[in-house]
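The values are calculated or read from the model by the stated rules, or taken from the named source; none is laboratory data. If you're wondering where the values come from, they're calculated on a predicted model, not measured in any experiment. Every residue, glycine among them, receives a Cβ derived from its backbone with ideal geometry; neighbour counts consider all protein chains shown. Heavy atoms of the whole protein, side chains included, go into the accessibility calculation; ligands, DNA and RNA do not. Shrake-Rupley method; radii C 1.70, N 1.55, O 1.52, S 1.80 Å.
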Amino acid sequence: MTEDYLTDWNADGVAERFAEFDTALWWRLGYRALPQLLAPDRFDGERQTLLDLGCGDGTVTSWIAQHTASAVVGVDRSSVMIRAARRGADPAGHTRFVHRPADRTGLPTDSIDAAWAAFLAVCLPDMAALRAVVAELARVVRPGGRVVLLDSHPDTTGVDFGDVVQGEPDVTYSEGDRLPVRMRRQDGSWSSITDTYWTRATYDSVLGEAGFEDVEQREPLLDPADGRDDDPVEPERRQRWHAATERPPFLIVSARRTVTGN
């Protein structure tokens, strides 16, 4: 039975619980694509200011800062996650972490060059909350700036991707339904959380309503031969992740804030 409530990421022990998850598949098919999608031609000049909305423990925030030479602001409503993020902050000082709700960041209007929200939409309780967060992205990101949303793929619920199962097999979900998610820990055991289900059309509509254009959806698949010489995929993982070579576990949605007059 799916719970009626979402996982409380502000509860005691939640940061430690999050750190236990085996997120290697998330990195290979999701997080690593972010620098190129955010601003492929803008990281060679002056320093950019980026936003990680719903930054969690800040691991991705600091990685993006290091790989783009950008200043990155991480915002999260969970005080537990923000404390963890500050403890592990980029030692070069290119990250700043703010404890605020995602729909009220307190950041100046048009102050962000590009932003991303990874697995934030699925943590929001309803359409009103989702629209409010996207509206806040539209407010703080400068005209022409890009946003990227990374989330569970709504068309592959119930598929066992080896390290994650998002939804129950043979169950049809509708927009706003609670979605049970099972995630593998690094020790091989499993943990359960509860997310919200959004359709692919939802992402297009809320971004368009908020004033974004050039909306594009990507469905990354795992190359059966994926893995560079300096970063190979272990045979056991390759076998475990086989479903991700045929069906996408994640959906990446990118868009550009409309420039007035265009």
* To do: Would you kindly derive the ³J(HN,Hα) couplings of the range 66-77 from the backbone phi angles with the Karplus curve 6.51 cos²θ - 1.76 cosθ + 1.60 (θ = phi - 60°), listing them in order in whole Hz, with x for Gly and Pro?
  => 6, 8, 10, 6, 9, 7, 10, 9, x, 10, 8, 7
* Asked: Which residue fluctuates the most in the chain, going by a Gaussian network model with Cα springs under 10 Å, if the choices are Pro235, Pro154, Pro169?
  -> Pro235
* To do: Select from Leu179, Val147, Gln239 the residue farthest towards the positive end of the dipole of the chain; place +1 on Cβ of Lys and Arg, -1 on Cβ of Asp and Glu, and compute about the Cα centre.
  => Val147
* Between Arg100 and residues 5 or more places away or on another chain, which pairs have amide H atoms under 5 Å apart, with H built 1.01 Å from N, and which residues are they? -> Asp76, Arg77
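Could you give the dipole magnitude of the range 159-262 about its Cα centre, charging the beta-carbon of Lys and Arg +1 and that of Asp and Glu -1, in debye to the nearest 20?
200 debye
Is there a quick way to get the dipole size of the chain? I mean about its Cα centre, with the Cβ of Lys and Arg at +1 and of Asp and Glu at -1; what is the value in debye to the nearest 20? Numbers along the way, then the final one.
Details: 29 positive and 43 negative charges, 169 e Å.
With only Lys, Arg, Asp and Glu charged at Cβ, the dipole is about 800 debye.
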* Mind checking which of Pro108, Trp198, Val164 is farthest towards the positive end of the chain's charge dipole, using Cβ charges of +1 (Lys, Arg) and -1 (Asp, Glu) about the Cα centre? => Pro108
* **Whole-percent carbon and sulfur share, accessible surface of the range 53-196, 1.4 Å** => 48 percent
* Asked: Using the heavy atoms of the protein chains alone and a 1.4 angstrom probe, what is the accessible area of the chain per residue in square angstrom?
  -> 46 Å²
* **GNM top mover of Arg247, Arg237, Arg77 - the chain, alpha-carbon springs below 10 Å** => Arg237
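What is the range 155-218 by shape, rounded, prolate or oblate, if you read a ≥ b ≥ c off the alpha carbon gyration tensor as root eigenvalues and call it rounded for a/c under 1.5, prolate for a/b larger than b/c, and oblate otherwise?
Numbers: a/c = 2.63, a/b = 2.04, b/c = 1.29.
Judged from the Cα gyration tensor, the range 155-218 comes out prolate (a/c at least 1.5, a/b above b/c).
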* Would you look at the GNM of the chain, springs on alpha carbons closer than 10 Å, and say which of Ala115, Ala138, Ala19 moves the most? => Ala19
